[in-house]
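A quick write-up on the structure given underneath.
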Amino acid sequence: MEARDRAAATAGAILKFRRIRSEILPRELFAEPGWDLLLELFVADANGHRLTARAVSDRNEIPPSVLSRWLIHLTQIGFIVGDGDGNLDDPLTLSGKALDSIEAVIAKIDELREAAE
């Protein structure tokens, strides 16, 4: 399994864990819409798909107005390519900078998991 595929599998597991956690504990304890958006786009990219912010909003129960603000911010800091206006219906693409950053975070998660074993 290639490194990006392994990282995408870990990102998918993180998203699944976050959804399960929100079924058990109050969702407002764990609001990280920017992180959810990045993880969703990372997994989609690894699977050769593109998502809209609206799809991410629906899947993660994030209010569209909140995700629109995050979309604008993530575009401004160079993590999302194109669409800087917060339109939730445009297909989104992560930048190389974002892909590298998410892979680095997931590599640290893998290190922590290995250290715990």
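The values are calculated or read from the model by the stated rules, or taken from the named source; none is laboratory data. Small disclaimer: the values here were computed from a predicted structure and weren't measured. For neighbour counting, all protein chains shown are included, and Cβ atoms are generated from backbone atoms with ideal geometry for every residue, glycine included. Just so you know, the surface numbers come from the protein's heavy atoms only, side chains and all, with ligands and any DNA or RNA stripped out. Shrake-Rupley method; radii C 1.70, N 1.55, O 1.52, S 1.80 Å.
If R₀ is 35 angstrom, what is the calculated FRET efficiency for the pair residue 117 and residue 89, using the beta carbon separation as r and rounding to 0.05? Efficiency computed from Cβ-Cβ geometry: 0.20.
Overall, the range 13-93 carries a charge dipole of about 280 debye about its Cα centre when +1 sits on the Cβ of Lys and Arg and -1 on the Cβ of Asp and Glu, all other atoms neutral.
For the chain, which whole percent of the accessible surface, found with a 1.4 angstrom probe, sits on carbon and sulfur atoms?
Details: 3790 of 6740 Å².
Carbon and sulfur: 56 percent of the exposed surface of the chain.
Excluding ligands, DNA and RNA, the accessible surface per residue across the chain is 58 Å² with a 1.4 Å probe. Looking at the chain, the pairs of alpha carbons with a distance over 25 Å make up 22% of the total.
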